[in-house]
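As structure tokens, the structure follows; a few thoughts come after it.
The values are calculated or read from the model by the stated rules, or taken from the named source; none is laboratory data. From a predicted model like this one, the values you see are computed outputs, not experimental measurements. Neighbour counts run over all protein chains shown; Cβ positions are idealised from the backbone, glycine included.
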Amino acid sequence: MTSTKPYLLRALYEWCLDNNQTPYIAVWVNEHTRVPAQYVRDNEIVLNIGPVASHNLTIDNDWVSFSARFSGVSHDIWIPVGHVASIFGRESSQGMGFEVEPYAPETAEKAEASEKTIEPEAEAEVAKADESKSSDKPKPKKGLKLVK
């Protein structure tokens, strides 16, 4: 079953625009997130995704992508949907927070393959290997931070 998160993001984006709010997203950043590194603080960045600030915004089931200017320089932004921690209207701070789901493309492929071809004993070994890999990476922060 597909995640409800991208559908909620699209709906809240439309809600912000319908209510004359500027939509912003708070994003957890790691190596799978393509954003200007100089604006990242504590593995987090807050981005204006309104139509004036972003161009060619796409919120599909896996990625949020758009282009935007930072200090006059154009950047292509790519964010896994699971990395979006919240979406809110700047003027009212109303919106919704989400649990961060770290993007792991090779883990998802391995899980699908193991369901189809690997026996239970081997599946346990794959799970142990995935656990050891994930323990080395920084954990996403939970909760929301007030940004003014």
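Val147 fails exactly one of the following numbered conditions: (1) at pLDDT 60 or above; (2) closer than 18 Å to Val35 by Cβ; (3) among the hydrophobic types (A, V, I, L, M, F, W, C). What is the number of that condition? Going through the list (1) at pLDDT 60 or above; (2) closer than 18 Å to Val35 by Cβ; (3) among the hydrophobic types (A, V, I, L, M, F, W, C), Val147 breaks only (1).
Being surrounded by fewer than 17 Cβ atoms within 10 Å (Cβ to Cβ) and either part of a strand (DSSP E or B) or among the β-branched types (Val, Ile, Thr) (or both) holds for only one residue in Ser92, Ser67, and it is Ser67.
Taking each residue of segment 34-63 that is within 16 Å of Val81 (Cα to Cα) and outside any loop (DSSP other than H, G, I, E, B) and looking for partners that are at pLDDT below 95 and not basic (Lys, Arg) with beta-carbon atoms closer than 8 Å, six or more apart or interchain, yields Val46/Val147.
Go through segment 11-52 and give me each residue that's touching a His at 6+ places or on another chain (Cβ under 6 Å) and either among the β-branched types (Val, Ile, Thr) or not assigned by TED's automatic domain parsing to the domain that holds Val64 (or both). Hits for segment 11-52 are Val27, Thr33.
Residues satisfying the criterion are absent from segment 46-62 (criterion: under 11 Å from the mean Cα position of the chain (by Cα), of a type outside the set (Val, Ile, Thr), crowded, with 16+ Cβ neighbours inside 10 Å and modelled with pLDDT of 95 or more).
Within segment 70-85, how many residues turn out to be in a strand (DSSP E or B) and either touching a Ser or Thr at 6+ places or on another chain (Cβ under 8 Å) or under 13 Å from Val29 (Cα atoms) (or both)?
Residues in segment 70-85 being in a strand (DSSP E or B) and either touching a Ser or Thr at 6+ places or on another chain (Cβ under 8 Å) or under 13 Å from Val29 (Cα atoms) (or both): 9 in total.
Is it fair to say Leu8 is touching a Phe, Trp or Tyr at 6+ places or on another chain (Cβ under 9 Å), crowded, with 19+ Cβ neighbours inside 10 Å and under 16 Å from Gly97 (Cα atoms)? No: the conditions fail for Leu8.
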